[in-house]
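Accompanying notes for the structure given below.
The values are calculated or read from the model by the stated rules, or taken from the named source; none is laboratory data. It should be emphasised that the depicted structure is a prediction, and the values quoted were computed from it without experimental measurement. Cβ coordinates were reconstructed from backbone atoms using ideal geometry, including for glycine residues, and neighbour counts include every protein chain displayed. Note: accessible area is taken over every heavy atom of the protein model, side chains too, but ligands, DNA and RNA are not part of it. Shrake-Rupley method; radii C 1.70, N 1.55, O 1.52, S 1.80 Å.
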Amino acid sequence: MVKAVVGANWGDEGKGKITDMLSAQADIVIRFQGGANAGHTIVNNYGKFALHTLPSGVFYDHTMSIIGNGVALDIPGFFKEYGELLSRGVPAPKIMISDRAQIVMPYHRLFDQYEEERLAGASFGSTKSGIAPFYSDKYAKVGIQVSELFDEPRLREKLERVIVTKNILLEHLYHKPLLAVDELMETLKEYREMAAPYVGDVSAYLDEAVRAGKNILLEGQLGSLKDPDHGIYPMVTSSSTLAGFGAVGAGLPPYLIKDVIVVCKAYSSAVGAGAFVSEIFGDEAAELRNRGGDGGEYGATTGRPRRMGWFDCVASRYGCRIQGATDVAFTVLDVLGYLDEIPVCVAYDIDGEITGDFPVTARLERAKPVWKTLPGWKTDIRGIKEYEKLPKECRDYIEFIEAELGYPITMVSNGPGRDDIIYRKVK
Ligand code: GDP
């Protein structure tokens, strides 16, 4: 049984919490794309953690946590996080790193930073974790696979070739220090020593696990609207954020992904640049930001304030569709308990035309929100375990959004903790 947990929006929907929760029944949890450029915040019996690279299943001793081939693997970052877990009393998780995963090189981080500096005002708002230069190199076929760490002569020969073009850019475009092969080889030897005990053939491992009837969870990073194909290109991330890519980025047959749990947040937030139709500003945004998530909507990787908005039915319906949602997990609903009325964006006005269809980026940038206001419930809904015990206005809000989405909301998250969840039978 393979399930995917992915985002409907711009990321930060609470996927980490849902994955941590569902990991109780999972044998294997796999990250299949992305890198250390986004964070999952998890609150459980060990405390509060911000994970960037480790799969969110690492808190259980029965799960195997896997870095799939589709991930941008930051080896020192990965082991720093791993060490932090142990130092805070979490039992050593079982981990496996795909021999086909590629490595975020020190120069990927540098190029990310230099390019953002060069673009200045026109920058993408990158977290400077090296993700765009990493995936550029991967698809330009000059990336370094984990397996290559174990063949030094081949690695050296490859690096000598790869850094020629990098040094031209460093010298003439960025005016920065050049790369040296010897130094890079030393760094990669350290990476090899760290990773070696955990490297394996992940697709073969998964094949056996599937035959043995194991439960497998694919954990996505960011959300539909940051997908390079279907999102708000070019203000997207550099790897596919979609459940469909889970098969590729983990090494599994696509038809095995039976459940696609799309995590959708009860209001909107986004980081980085790009069109955000239901965005709000000023005091209204500041209040939602400060009350949002668990202790405020500030980036788990960068600490920067997130852009805030009300729920966007157009973007979220599209986000669920493009993921192929079988279930929607509707999260952070408790945060809205302070509002008398809750605005929801139900359509876009693009050059006077009203539409419920999510447009391509050029049209999206001209879209204005069409609002509908729903009544608030003005109570704290944390701690409630049964759907029927939620205030009527709160159920109405959920059911209005479910009808707008056209996909079943089977889980409602009303707090950051593992147990803050209400299951709903709607199928
Ligand atoms: P992810 O990247 O999708 O895993 O999301 P983040 O971890 O960046 O952001 C979600 C934030 O909301 C985290 O701080 C979570 O602890 C918190 N969170 C998740 N679900 C809920 C919820 O139902 N209610 C509240 N109040 N916070 C939640």
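Here are a few things to note about the model shown:
- Accessible surface for the chain, divided over its residues, is 41 Å² per residue with a 1.4 Å probe.
- Helix 152-168 axis, angle to the chain major axis (alpha carbon atoms, nearest 10°): 70 degrees
- Percent carbon-and-sulfur accessible area, the stretch 13-137, ignoring ligands, DNA and RNA, probe 1.4 Å: 53 percent
- Straight-line reach from K48: taking Cα to Cα under 18 Å and skipping same-chain neighbours fewer than 8 places apart, the lysines in range are K15, K17, K80.
- MRE, 222 nm, helices only [DSSP H, n ≥ 4, -39500 (n - 2.57), over the chain, to nearest 500]: -9500 deg cm²/dmol
- Packing here is the average count of other Cβ atoms within 10 Å per residue, and on that basis the peptides 166-174, 54-62, highest first, run 54-62, 166-174.
- Under-5 Å amide H pairs with M64, H placed in peptide plane, nonlocal only: I28, V29
- Of all beta bridges that DSSP places with both ends in the chain, some 40 percent have antiparallel geometry.
- Under 25 Å from K368, Cα to Cα: lysines that are on another chain or at least 8 residues apart: K226, K265
- Straight-line cross-link reach from K166 at under 13 Å between alpha-carbon atoms covers these aspartates and glutamates, not counting any fewer than eight positions away in the same chain: D112, E115, D137.
- When +1 charges are put on Lys and Arg Cβ atoms and -1 charges on Asp and Glu Cβ atoms, the dipole computed for the chain relative to its Cα centre reaches about 420 debye.
- Tilt relative to the chain, helix 202-211 - C-alpha long axis, 0 to 90 degrees, to 10: 50 degrees
- The portion of the accessible surface of the stretch 260-386 made up by carbon and sulfur, rounded to a whole percent, is 49 (1.4 Å probe; DNA, RNA and ligands excluded).
- Degrees, to the nearest 10: 75-87 long Cα axis against longest axis of the chain: 60 degrees
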